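A.B. asks: Would you mind keeping the following structure in view while I ask a few things?
Since every read-out is calculated from the coordinates, none of them should be taken as a lab result. Source: prediction; values computed, not measured. Ideal geometry is used to build each Cβ from the backbone, glycine not excepted, and the neighbour counts take in all protein chains shown.
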Amino acid sequence: MTSAPRPAAIGIVLAGGDARRMRTEPAPGAAAAAPVGKEWIDLGGRTLLDHVVEAVARETARTIVVAAPGRPRPPVSHPVDVVRDSRPGSGPLAAVLDGLDSLGPSEAEPLVFVSSCDVPGLKRDLVRWIIARAVATAADWVVPVVGGHPQVLASVIRRSLRGPIAAWLDSGRRDPRGLVETLRRDGLARIDLVGEREFVAIDPALESLRDIDTPAALAARRGGA
């Protein structure tokens, strides 16, 4: 008996941030350390980017990495297409827009799983489950909510929201959560907010949503690896 084919989803992994919070406090009289691109950070002999690409690429038909312009990308264990961030410093929505704009004509209305590069605990099961949920609900945006906060960087979005994202950015807004709430409140898109209880059933420790954005978080993750 053969299993049902998986949806032809696309993966977008954001790897263009400057990781300012990863900078450690300098010793008195010493110069501050330069920010580290989080995609290069080593965890267990692999970069953070490779951990995330591994989970995403195995559950999607194609994986796109949105990287900072002029910054080299670390090698990864699966083929990826690289898109350069056209609005550096404008936040994750601008990078998501770049990823959506890179989709080809044959990918007119794909499901797109969006992740940041700093969640090395991302589970393949969660990626697969949330994509399947998007298929089942026909929602325009499936967004997990943990602790009352929408987790846009672990969501599934449709290309049809390209226009609302661009308009939001053009209005001077950058906050993904504000966009989700506006679209939901005004009935401008079918927003499926997924409660924490449903995610715990798949990822009990919610490792898929545990980002590494400070040296302390990295040290704790390495200590528990």
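A.B. asks: In percent, what relative contact order does segment 80-225 have, based on Cα pairs under 8 Å that are 6 or more apart in sequence?
C.D. replies: 29
A.B. asks: What number, rounded to the nearest 500 deg cm²/dmol, is the helix-based mean residue ellipticity at 222 nm of the chain, given -39500 (n - 2.57) per DSSP H run of at least four residues and division by all its residues?
C.D. replies: -9000 deg cm²/dmol
A.B. asks: Also: Hey, can you rank 210-216, 93-99, 128-134, 113-119 by average C-beta count inside 10 Å, highest first?
C.D. replies: Averaged packing, sorted descending, gives the order 113-119, 93-99, 128-134, 210-216.
A.B. asks: I'd like the orientation of helix 176-185 relative to the chain: the angle between its Cα long axis and the longest Cα principal axis, in ° from 0 to 90, rounded to 10.
C.D. replies: On a 0 to 90 degree scale, this one is about 20.
A.B. asks: I've got another one for you. Taking the Cα centre of the chain as origin and charging only Cβ (+1 Lys, Arg; -1 Asp, Glu), how large is the dipole, in debye to the nearest 20?
C.D. replies: So the magnitude is around 40 debye.
A.B. asks: Connecting C-alpha atoms closer than 10 Å in a GNM of the chain, tell me which of Arg71, Arg62, Arg177 has the biggest fluctuation.
C.D. replies: It is Arg71.
A.B. asks: How many times 2.2 N^0.38 Å is the alpha carbon radius of gyration of segment 158-205?
C.D. replies: Details: Rg = 13.5 Å, N = 48, 2.2 N^0.38 = 9.6 Å.
Rounded to two decimals, the normalised Rg is 1.41.
A.B. asks: While we're here: Here are several values of semi-axes √(5λ) of the Cα gyration tensor in Å: (1) 27, 21, 18; (2) 37, 19, 17; (3) 42, 17, 13. Which one was derived from the coordinates shown?
C.D. replies: For semi-axes √(5λ) of the Cα gyration tensor in Å, the calculated option is (1).
A.B. asks: If we sort 52-59, 145-152, 178-185 on the protection proxy, mean other Cβ atoms within 10 Å, highest first, what's the order?
C.D. replies: Details: 52-59: 22.6, 145-152: 15.0, 178-185: 16.6.
Per-residue Cβ counts within 10 Å, averaged per peptide and sorted highest first, yield 52-59, 178-185, 145-152.
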